[in-house]
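These notes concern the structure reproduced below.
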Amino acid sequence: MITRVRSELTRYLRTETVGGALLLVAAAVALIWVNSPWGASYQTMVDAHLDIPALHLDLTLADWSKDGLLAIFFFVAGLELKREFAVGELRDPKRAALPIIAAVGGVITPAVIASVVGHGVPGMDKGWAIPVATDIAFALAILAMTGSRIPTSARVFLLSLAVVDDLLAIILIAVLFTASLSLLWLAAALACCGAWALAQKLRLHTPLFYLPVALVCWYALHEAGIHPTLAGVALGLLTRVRKDPGESIAPATHLEHVVQPISAGFCVPLFALFASGVPLDSAVFGSLFTDRLSLAIILGLLLGKTTGIFGVSWLVIKLGWAKRPAGLEYRDMFALSVLGAIGFTVSLLVAELALADVGDDAVDLAKAAVLVTSMAASLIGSALLLRRGRVHQARRDADQLPQGEGSTK
């Protein structure tokens, strides 16, 4: 019975709706906690240190959540990337053209808007990257809850878009937040990646090999000066996605089934708990729509992501460079583009990395801007999807009506 319950729980945690709901609950708990009379205890928890002296690791719990737990989230993202490019929708250049080009537009446009609006603001030399990423779990959860009546090609388009979007965000993190580089430790990390790839080629299956290699790779990147979450992406991309004739399941699929519930049910919600605790006092509210830092993030996310994704998609379809997803109309694609403005997990991470030297007030303001904009995008996107769902359902009902009348005569 325990095995059956555990199996049902992990299956439940694999669904986008549950992962997104846990993310929202964790963020809400953090916001309520930090703004309650017990807010000091929240800050004490966030700043508490969990040190490993033997490895010279001196990190707060908040640092462990963004450097350690998010590495597992990025590992799942790497597995999804590899699967989409190898055997998924992105393996076909014609099908991949639209979400890839749309993702590029959805990264460049908010970056340009944030750079222009926030020009000269302290921290915006790297802070322009805050609004460039779409949160896969959050966006797909909203789509699953409110877009069930629109064609299934909507999920394929949004997932492919978000996967490419995450890849571009990962590249930006690697480029922008590598201050000093230790070539020796980088070589050690590359050796771990090589060992992982070789073990995959030799069809080695034991976790007693892979888990230590993953931990050493994470530590080596941390010591090399590169954000250690990139270890998760690299190892995910090096995992085999095609099964051999004698295998029942491919290694990447197996790992995703095992790790994804851990990521969705524990790692990402816990990161949200540590990252979303923003004091919402009068100073934050007063600056949210007047300070150029927060305006750069709000306009970059809500305006930049929406217009970048939809505008580029419309243009390349009109030019004949790509085809519109089957069953989707431009209004459906606009609703999905609004969901692309949900920048939660990666945006919060980039805000902490980009504004760490500016001060806690700037970090809190940036986080508040991300949270408010993501909630606005989710509400607007939900309303649009519900409306489009009613339109599609009405058409399906109309198509079935003549057949039903004919059968009764």
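Within the stretch 61-73, identify whether any single residue is β-branched (Val, Ile, Thr) and touching an Asp or Glu at 6+ places or on another chain (Cβ under 8 Å), and answer yes or no.
no
Please identify the pairs in which a residue from the stretch 389-400 that is surrounded by 11 or more Cβ atoms within 10 Å (Cβ to Cβ) has its Cβ atom under 9 Å from the Cβ atom of a residue that is assigned to a helix (DSSP H, G or I) and of a type in the set (S, T, N, Q), counting only partners at least 6 apart or on another chain.
Between residues of the stretch 389-400 that are surrounded by 11 or more Cβ atoms within 10 Å (Cβ to Cβ) and residues that are assigned to a helix (DSSP H, G or I) and of a type in the set (S, T, N, Q), the close pairs are 389/146.
Filter the stretch 333-360 down to the residues that are over 27 Å from residue 153 (Cβ atoms), assigned to a helix (DSSP H, G or I) and in contact (Cβ under 8 Å) with a residue 24 or more places away in the chain and list them by number.
Within the stretch 333-360, 348, 349, 350, 351, 352, 353, 354 meet the criteria.
Being in contact (Cβ under 8 Å) with a residue 40 or more places away in the chain, in a helix (DSSP H, G or I) and in contact with a Cys (Cβ under 7 Å, 6 or more places away or on another chain) narrows it down to one residue among 255, 235, 270; which is it?
235
Looking at (1) buried (at least 19 other Cβ atoms within 10 Å of the Cβ); (2) at pLDDT below 90; (3) small (Gly, Ala, Ser); (4) closer than 18 Å to residue 321 by Cβ, can you tell me which one residue 103 breaks?
Against the list (1) buried (at least 19 other Cβ atoms within 10 Å of the Cβ); (2) at pLDDT below 90; (3) small (Gly, Ala, Ser); (4) closer than 18 Å to residue 321 by Cβ, residue 103 comes up short only on (2).
Out of 335, 264, 322, 252, I need the residue that is under 30 Å from residue 46 (Cβ atoms), small (Gly, Ala, Ser) and either surrounded by 16 or more Cβ atoms within 10 Å (Cβ to Cβ) or modelled with pLDDT of 95 or more (or both). Which one?
Matching residue, one of 335, 264, 322, 252: 264.
Rundown of residues vs (1) within 23 Å of residue 272 (Cα to Cα); (2) of a type in the set (Asp, Glu); (3) without any contact (Cβ under 8 Å) to a residue 24 or more places away in the chain; (4) surrounded by fewer than 24 Cβ atoms within 10 Å (Cβ to Cβ), yes/no style:
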| residue | (1), (2), (3), (4) |
| --- | --- |
| 125 | no, yes, yes, yes |
| 131 | yes, no, no, no |
| 136 | yes, no, no, no |
| 147 | no, no, no, no |
| 155 | no, no, yes, yes |
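Yes or no: the stretch 47-54 includes at least one residue that is β-branched (Val, Ile, Thr), within 25 Å of residue 279 (Cα to Cα) and at pLDDT 85 or above.
no
What's the number of the only condition in (1) assigned to a helix (DSSP H, G or I); (2) surrounded by fewer than 19 Cβ atoms within 10 Å (Cβ to Cβ); (3) among the hydrophobic types (A, V, I, L, M, F, W, C) that residue 298 fails to meet?
The one condition residue 298 does not meet is (2).
So how many residues does the stretch 275-294 have that are surrounded by fewer than 23 Cβ atoms within 10 Å (Cβ to Cβ), at pLDDT 85 or above and not polar (S, T, N, Q)?
4
Consider residue 191 carefully, then state whether it is in a helix (DSSP H, G or I) and closer than 25 Å to residue 23 by Cα.
no
Among 113, 108, which is the only one that is out of contact with any Lys or Arg (no Cβ under 8 Å at 6 or more places or on another chain), β-branched (Val, Ile, Thr), closer than 20 Å to residue 316 by Cα and touching a residue at least 24 places away in the same chain (Cβ under 8 Å)?
108
Among the numbered criteria (1) crowded, with 19+ Cβ neighbours inside 10 Å; (2) closer than 30 Å to residue 332 by Cα; (3) in contact with a Leu (Cβ under 8 Å, 6 or more places away or on another chain), which single criterion is violated by residue 221?
(2)
Of the numbered conditions (1) at pLDDT below 85; (2) loosely packed, with under 11 Cβ neighbours inside 10 Å, residue 40 fails exactly one; give the number of that condition.
If we test residue 40 against (1) at pLDDT below 85; (2) loosely packed, with under 11 Cβ neighbours inside 10 Å, just (1) comes out false.
List pairs: first residue in the stretch 195-223 and farther than 24 Å from residue 247 by Cα, second residue of a type in the set (Ser, Thr, Tyr) anywhere in the structure, Cβ distance under 8 angstrom, at least six positions apart or on different chains.
Within 8 Å, the pairs are 223/182.
Here is a list: 372, 358. Which entry is touching a Leu at 6+ places or on another chain (Cβ under 7 Å) and surrounded by fewer than 22 Cβ atoms within 10 Å (Cβ to Cβ)?
Matching residue, one of 372, 358: 372.
For the stretch 275-286, how many residues are assigned to a helix (DSSP H, G or I) and in contact with an Asp or Glu (Cβ under 9 Å, 6 or more places away or on another chain)?
Result for the stretch 275-286: 3.
Is one or more of the residues making up the stretch 17-37 farther than 14 Å from residue 268 by Cβ, at pLDDT below 80 and surrounded by fewer than 13 Cβ atoms within 10 Å (Cβ to Cβ)?
No; the residues of the stretch 17-37 include none that is farther than 14 Å from residue 268 by Cβ, at pLDDT below 80 and surrounded by fewer than 13 Cβ atoms within 10 Å (Cβ to Cβ).
Hey, residue 94 hits all of (1) more than 23 Å from the chain's Cα centre (by Cα); (2) modelled with pLDDT of 85 or more but one; which does it fall short on?
Result: residue 94 fails condition (2) only.
Residues checked against (1) in contact with a Ser or Thr (Cβ under 8 Å, 6 or more places away or on another chain); (2) modelled with pLDDT of 95 or more; (3) outside any loop (DSSP other than H, G, I, E, B):
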residue	(1), (2), (3)
198	no, yes, yes
203	no, no, no
221	no, no, yes
230	no, no, yes
242	no, no, no
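The values are calculated or read from the model by the stated rules, or taken from the named source; none is laboratory data. The model shown is predicted, which means the values in this text are computed figures rather than measured ones. Positions of Cβ are generated from backbone atoms using ideal geometry, with glycine treated the same way; all protein chains shown enter the neighbour counts.
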